[in-house]
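A short worksheet on the structure shown next.
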Amino acid sequence: MNFDLTAEQAMIRTLIRDFAEAEVAPGAIERDRTGAFPVEVFEKLAKLGLMGLPFPEQYDGGGADTICFAIVVEELSRVCASTGITYSAHVSLGGSPIYLFGTEEQKRDYLAPLCRGEYLGAFGLTEPDAGSDAGGTRTAAVQSDNGWIISGSKCFITNASYAKHLALTAVTDRSKGTSGISAFIVPTDAPGFSIIDNYEKMGLHASNTTELVLDQVEVPKDNLLGTDGNGFKQFLAVLDGGRIGIGAMAVGIAQGAFEKALRYAKQRKQFGRTLSSFQAIQFKLADMATQIEAARTMVYRAGWLKDQGRPFKKEAAMAKLLASEICMKVCDQAVQIHGGYGYMREYEVERFMRDAKLLEIGEGTSEIQRMVIAAQLGC
Ligand SMILES: Cc1cc2nc3c(=O)[nH]c(=O)nc-3n(C[C@H](O)[C@H](O)[C@H](O)COP(=O)(O)OP(=O)(O)OC[C@H]3O[C@@H](n4cnc5c(N)ncnc54)[C@H](O)[C@@H]3O)c2cc1C
């Protein structure tokens, strides 16, 4: 057993840590306040060749492994979770469905531009009445002479305003239940397609979260992704990989909050001593560091299993569940260690706490992760 990063993983860590400190951290407080989307950060990530990191070089990807991808998500989220979720969704929800289920032509036409960072990737599963129960999809596609006509709506979709196309699910045969759900690649500029960007969120203010409305949107028959009736299964498989991204975000946010708390505890004096000299504060910091290490190990292990081509559904769900719950606890303690200052925007840990909450909800809530794990245990 070898717990060391490979030379490539260590190199990516150094590269992205330096980039995150220099290019992402400085504007994070302001972007949280204004909701400005970090377009220029993604242009620079594209220049660094990171936008298609875990996809093969033949599609203009980086040919790197899932742990490299997780490291990039972690380091971006350590300073700005909005940037972290945008990157994670672009790769694991935008690129992966096409990589896993697309034809060669679809990969060339739709995956390669994502890998080059020409625009962002997105994924449309959730609907107003179909969240945890994604099999309850109402959006429907009917066959036309030229292809498919899709009508319906999706909610809470990350990155869609910055995407030129996205994969989404629609019912093609209602009598077959989840086996009557298919996946389609839909251009976002197709007539009848609208993207509404006006949610007011608790956190992740600089990430793009949208509502999609499809009114008789026609796509060619070549835009079916995978096989007719397999869309639900395909999207669940995509979410298995996406959970490694969410787990990595949780590790990164928790690490960022912990580092701020440690630094503050060493500087702040009360009763004539630094906070870090009080055993009550030391124990909090020790617990935070221990929990983060456990979460990181689980996230990397799930990524490693995926790269070995071994089953990783259970491990990805466990990693996402543990990391997201730990992240909330670590952020809560980071605010506590900062006292009143922790409640103020300037000290950033309150932003980390607001951003962290999404991780217990997105890509399957904690309750859904427990259901996935229990099913894998044979319950
Ligand atoms: C910022 C943000 C970004 C997102 N990005 C995307 C995206 O890019 N693409 C996409 O498709 N979706 C996206 N989502 C949607 C997200 O995946 C869903 O919000 C999530 O799956 C939960 O669905 P819901 O909100 O409908 O909650 P519900 O399913 O209504 O759940 C409400 C509560 O009930 C619980 N619950 C539901 N069913 C059960 C059960 N059987 N047993 C026990 N408890 C249960 C849930 O755990 C939760 O606590 C995003 C959401 C947010 C907030």
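Bear in mind that the values in this text are calculations on the coordinates, not laboratory data. Because the structure is predicted, anything quoted here is derived from the model rather than measured. Neighbour counts run over all protein chains shown; Cβ positions are idealised from the backbone, glycine included.
Here the contact order of the chain, divided by its residue count and restricted to Cα pairs under 8 Å and six or more residues apart, works out to 16 percent.
For the ranges 188-199, 148-159, what's the packing order if you count other beta-carbon atoms within 10 Å of each residue, average per peptide, and put the highest first? Working shown, then result.
Working: 188-199: 13.5, 148-159: 22.1.
Top to bottom by mean Cβ count within 10 Å: 148-159, 188-199.
Rounded to the nearest Å, what's the spacing between the alpha carbon centres of the stretch 231-245 and the stretch 107-180? Just the number, please. If we compute the Cα centre of each part, the gap is 13 Å.
Label sites at residue 116 and residue 270, each approximated as a point 7 angstrom past Cα along Cα to Cβ, lie 5.6 nm apart.
Give me Rg/Rg_expected for the stretch 184-244, where Rg uses Cα atoms only and Rg_expected = 2.2 N^0.38 Å with N residues. Each step should come with its number before you reach the end.
Working: Rg = 14.7 Å, N = 61, 2.2 N^0.38 = 10.5 Å.
That works out to 1.40 for the stretch 184-244.
Rg over Rh of the stretch 206-291, using C-alpha atoms and the Kirkwood radius, what does it come to?
Values: Rg = 23.6 Å, Rh = 17.8 Å.
Rg/Rh: 1.33.
Put simply, when 114-121, 341-348 are sorted by average Cβ atoms within 10 angstrom per residue, most first, you get 114-121, 341-348. Among complete DSSP H helices in the chain, those whose alpha-carbon atoms stretch at least 27 Å along the helix's long axis and whose mean Kyte-Doolittle hydropathy reaches 0.0 are 231-267, 313-338. A Cβ-based charge dipole, computed about the Cα centre of the chain with Lys and Arg at +1 and Asp and Glu at -1, lands at about 1340 debye.
May I ask for the percentage of alpha-carbon pairs in the chain that lie more than 30 Å from each other?
Working: 26699 of 71631 pairs.
Value for the chain (Cα pairs over 30 Å): 37 percent.
As an equivalent ellipsoid, the stretch 133-243 spans semi-axes of 23, 17, 12 angstrom, where each value is the square root of five times an eigenvalue of the C-alpha gyration tensor, largest first.
Out of the GluC sites (Glu not before Pro) in the stretch 142-228, which ones are loop residues according to DSSP with at most 13 other C-beta atoms within 10 Å? Let's see the in-between values first.
Numbers: sites: 200, 211, 218; in loops: 200.
Qualifying residues, ordered by number: 200.
Packing, as the average of other Cβ atoms within 10 Å across residues, places the peptides 266-276, 92-102, 54-64 in the order 92-102, 54-64, 266-276, highest first. Which shape class, rounded, prolate or oblate, goes with the stretch 1-140 when its Cα gyration tensor gives a ≥ b ≥ c as root eigenvalues, a/c under 1.5 marks rounded, and past that a/b bigger than b/c marks prolate? Oblate. Of the Cα atoms belonging to the stretch 261-337, the radius of gyration and Dmax stand at 16.5, 56 Å. Please identify which residues in the stretch 67-98 have an amide N closer than 15 Å to a label point set 7 Å out from the Cα of residue 161, following the Cα→Cβ vector. Within reach of a label on residue 161: 82-83, 86.
With the dipole of the chain worked out from charges on the C-beta (+1 for Lys and Arg, -1 for Asp and Glu) around the Cα centre, which of 195, 54, 149 lies farthest toward the positive end? Positive-most Cα among the choices belongs to 54. Expressed per residue, the C-alpha convex hull volume of the stretch 79-157 stands at 126 Å³.
Over the stretch 233-379, the fraction of Cα-Cα pairs per 10 Å bin, rounded to whole percents and listed from the shortest bin up, is 13, 38, 27, 15, 6, 1, 0.
Tally Lys/Arg at +1 and Asp/Glu at -1 over every other residue whose Cβ is under 11 Å from the Cβ of residue 162; what's the total? Walk me through the numbers before you get to the answer.
Numbers: positive: 164; negative: 118, 197.
Net charge in that neighbourhood comes out at -1.
In the stretch 1-82, the C-alpha radius of gyration followed by the widest Cα-Cα span (Dmax) gives 13.6, 46 angstrom. One way to sum up the overall shape of the stretch 149-308 is the equivalent ellipsoid from its Cα gyration tensor, whose semi-axes run 45, 20, 11 Å, largest first.
Going from the residue with the fewest nearby Cβ atoms within 10 Å to the one with the most, 298, 51 rank 298, 51. For the stretch 150-275, a crude dipole built from +1 on the beta carbon of Lys and Arg and -1 on the beta carbon of Asp and Glu, taken about the Cα centre, is about 1160 debye to the nearest 20. Over all other residues within a Cβ to Cβ distance under 11 Å of residue 42, the charged ones net out to -2, with Lys and Arg as +1 and Asp and Glu as -1.
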